[in-house]
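The values are calculated or read from the model by the stated rules, or taken from the named source; none is laboratory data. Quick caveat: nothing in here was measured; it's all calculated off a predicted structure. Cβ placement follows ideal geometry from the backbone for every residue including glycine, while neighbour counts extend to all protein chains displayed. Calculation scope for accessible area: heavy atoms of the full protein, side chains included, ligands and nucleic acids excluded. Shrake-Rupley method; radii C 1.70, N 1.55, O 1.52, S 1.80 Å.
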Amino acid sequence: MPAKIQLFNEMHQELLRDESRNIGYAESVSFPETEEDILEILKYCRDKKLSLTVQGALTGLAAGAVPYGGHVVNLKRMNKVLAIDQIGEEFTLTCQPGLILSELRKAIELKHFNNPNFSEASRKALAAISKKGSYVFPPDPTEASASLGGMVACNASGARTYFFGATREHITRLRLILSDGRILDIKRGQVKANGLKLELPLTNGAVLKIDLPKYKMPATKNAAGYYVAADMDALDLFIGSDGTLGLIVEIDIKLQRAPEFTWGISTFWPDEKSAIDFVLAARQRIKNLTSLESFDYWALELLRQQREKGGIFSSLPFLPEDYAYCIYLELQGDEEAKLLTALNQIKSLMDESGGDSSKTWVALNDTELTRLLFFRHAVPESVNMLIDQRKRKYPDIAKLGTDMAVPDDRLVEIIEIYRRDLKEANLQAASWGHIGDNHIHVNILPRNSEDYQRGKELYLRWAKKVTEMQGTVSAEHGVGKSKANMLEIMYGSEHIEEMRRLKLSFDPWNLLSPGNLFAAKGGVGHAHSSDD
Ligand SMILES: Cc1cc2nc3c(=O)[nH]c(=O)nc-3n(C[C@H](O)[C@H](O)[C@H](O)COP(=O)(O)OP(=O)(O)OC[C@H]3O[C@@H](n4cnc5c(N)ncnc54)[C@H](O)[C@@H]3O)c2cc1C
């Protein structure tokens, strides 16, 4: 057994679950530090016919990194910035997948990448960026302890996706190791599909010929299934592939010049109707908006309860009872005057839409912004804590959070459907999320096993409804294992079979992430490869 491989034991328990609260099992584990380690581990798994689960930081919400047997490869030790490159005013970083988002942000902010092995070219680029203003990496999932590899594998996104797009838009190169040891290293713009036919150069000189599936992706924010489009950029196929096509070992990210000003505005509303009317108008009329987020009454109630309980959330600001709904907006720009105009527009729009512009919290500097982002992060954390509590009495229940999005003109309708169905099913829920992108996380809070069952049935009904509306069953968390049944609802069994064939073209041993995206079939073993 290669030195890097350890048999699974008590010490590794935390590697059996992610933030979906699903718990798995595994035979062995490894923490590779180099590509050579990974190649050795892959050979061991092929020889032993062991399936392989790839892990980043295990903050996933769809059980994608939860192992059900086989070997676990956890990439947390591959966490360095390997290089920095400059093209004109633009800078890109070459990163390892285990790099944690919060650490990456700190390094970018301080322009300190702590790598004595930087090449001459990287040292020159570092000197250049040090003389320039601030830069940022825009993707902002609220869970800053996510790894970059996990963000790419799930095409993660956050509040600022409303303006900057998801992780996909900020990736310029990927290096992947396939389950049979072949390596793919491609840049954005380097390889384009010809219609739905793709020819991918491998680093060993061979060419991988791929027939892309024929399904049409929804015109919404999307992280469900493989990114596929005629004449697409090949790089996009691997972003959002949920650990099924290869191990991502290097990621080039494009940095963005940081804006001079970032202001956060929390607006509070007496009811959902006036808040939604405001959102629809704000989308049309407010410029410089980088985020448009919502928190419903129950999400705010959870925060009130957590604040009263004390502990980590006791520093949350007081929420008056009549603050029944919150819409959070963010403005960014280099001209304060322009932002001031937009802020005044927001206030008058609030009054026009049945709100009261005095019921706002405005953050004009980083400290105040951090407080508002803490408020934002406290909601999903509060739900996780509540589920953990209820799980003690009902161990079978797990977090039930949707991640669905619909086209702009179906937002009001889908919210009415959520409300009506939750009432009819007598289920408790808290909702929040990226309302600017018609992407709200409805979190059913099961009180017992019956609630949990009813909740799961309701989600499948919503998955059908959202699919009818040309929407998606996963807009940012990925499908993983817990939403594979919804992916089949969204695309149908024929297209799922196309996805399965696509996976086998990259993973001829059917080794990688069994159960992610679609039910595992046929076990580990050399099936075929299209360039044989
Ligand atoms: C409180 C909370 C809030 C959250 N908020 C957001 C949010 O706002 N937006 C959002 O998008 N997500 C959010 N998430 C979900 C999660 O943080 C993201 O899905 C994140 O991208 C997962 O990264 P990870 O490193 O933890 O991945 P993991 O959970 O370790 O893995 C996720 C998937 O990626 C695959 N994977 C990981 N690394 C690699 C690699 N190097 N190569 C190939 N495949 C790999 C795994 O196999 C798995 O399928 C939240 C989670 C929590 C707990």
Residue among 418, 453, 442 farthest towards the positive dipole end of the stretch 393-478, charges placed on Cβ: 453
Set of aspartates and glutamates with alpha-carbon distance to residue 254 below 18 Å, sequence-local pairs under 8 removed: 85, 89, 90, 103, 109, 140, 169, 185, 233, 236
Residue 216/residue 494 FRET efficiency (R0 22 Å; Cβ-Cβ; nearest 0.05): 0.95
Accessible area (Å², per residue) of the stretch 393-478, counting only protein heavy atoms and a probe of 1.4 Å: 38
Amide H within-cut-off set for residue 429, under 5 Å, with H built and near neighbours excluded: 445
309, 464, ranked by accessible area, largest first (probe 1.4 Å): 309, 464
Separation in nanometres of the label points that stand 7 Å from Cα toward Cβ, at residue 197 and residue 424: 4.9
Gap separating the Cα centres of the stretch 8-25 and the stretch 126-190, nearest whole Å: 26
Rounded percent of accessible protein surface that carbon and sulfur make up, the stretch 81-257, 1.4 Å probe: 52
Accessible area of the stretch 260-376 belonging to carbon and sulfur atoms, whole % at 1.4 Å probe: 54
Cα-based reach from residue 43 at 19 Å (exclusive), listing aspartates and glutamates while leaving out same-chain residues under 8 positions away: 27, 33, 35, 180, 507, 532
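Take the cross-link list 48/521; 287/338; 76/106; 106/287 and give me the ones stretching past 20 Å between alpha-carbons. Let's see the in-between values first.
Values: 48/521 18 Å; 287/338 9 Å; 76/106 17 Å; 106/287 29 Å.
Cα-Cα > 20 Å for 106/287; rest within.
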Residues of type lysines that residue 456 reaches as a straight line, Cα spacing below 17 Å, ignoring anything fewer than 8 places off in the same chain: 391, 399, 423, 464, 465, 481, 483
Helical mean residue ellipticity (222 nm; -39500 (n - 2.57) per DSSP H run of 4+; nearest 500) of the chain: -11000 deg cm²/dmol
For the stretch 259-269, 3J(HN,Hα) per residue [Karplus equation, 6.51 cos²θ - 1.76 cosθ + 1.60, θ = phi - 60°, Hz, x = Gly/Pro]: x, 5, 10, 10, 10, x, 10, 9, 10, 10, 10
Unit charges at the beta carbon, dipole of the chain: most positive-side option, 41, 218, 198: 41
Heavy atoms of residue 461 accessible to a 1.4 Å probe, total area in Å² rounded to 10: 120
Assigned charges on the beta-carbon of Lys, Arg, Asp, Glu; the chain dipole about Cα centre (debye): 660
The stretch 1-111, accessible area per residue, ligands and nucleic acids excluded (1.4 Å, Å²): 44
Carbon and sulfur %, accessible surface of the stretch 393-478 computed with the full protein complex present, 1.4 Å: 49
For residue 208, residues with placed amide H under 5 Å, excluding near neighbours: 200, 202
Under 5 Å, built H, 5+ apart or other chain: amide partners of residue 91: 255
At q = 0.05, 0.08, 0.13 Å⁻¹, base-10 log of I(q)/I(0) for the chain (Debye sum, equal scatterers on each alpha carbon): -0.20, -0.52, -1.39
Calculated from backbone phi, Karplus (6.51, -1.76, 1.60) coupling profile of the stretch 141-158 in Hz, x at Gly/Pro: x, 5, 8, 6, 8, 5, 8, 5, x, x, 5, 5, 5, 9, 6, 4, 8, x
Ordering of 262-271, 55-64, 26-35 by burial proxy (mean other Cβ atoms within 10 Å per residue, highest first): 55-64, 262-271, 26-35
Rounded to whole Hz, the Karplus (6.51, -1.76, 1.60) HN-Hα couplings of the stretch 167-174, x for glycine and proline: 3, 3, 5, 10, 9, 10, 6, 9
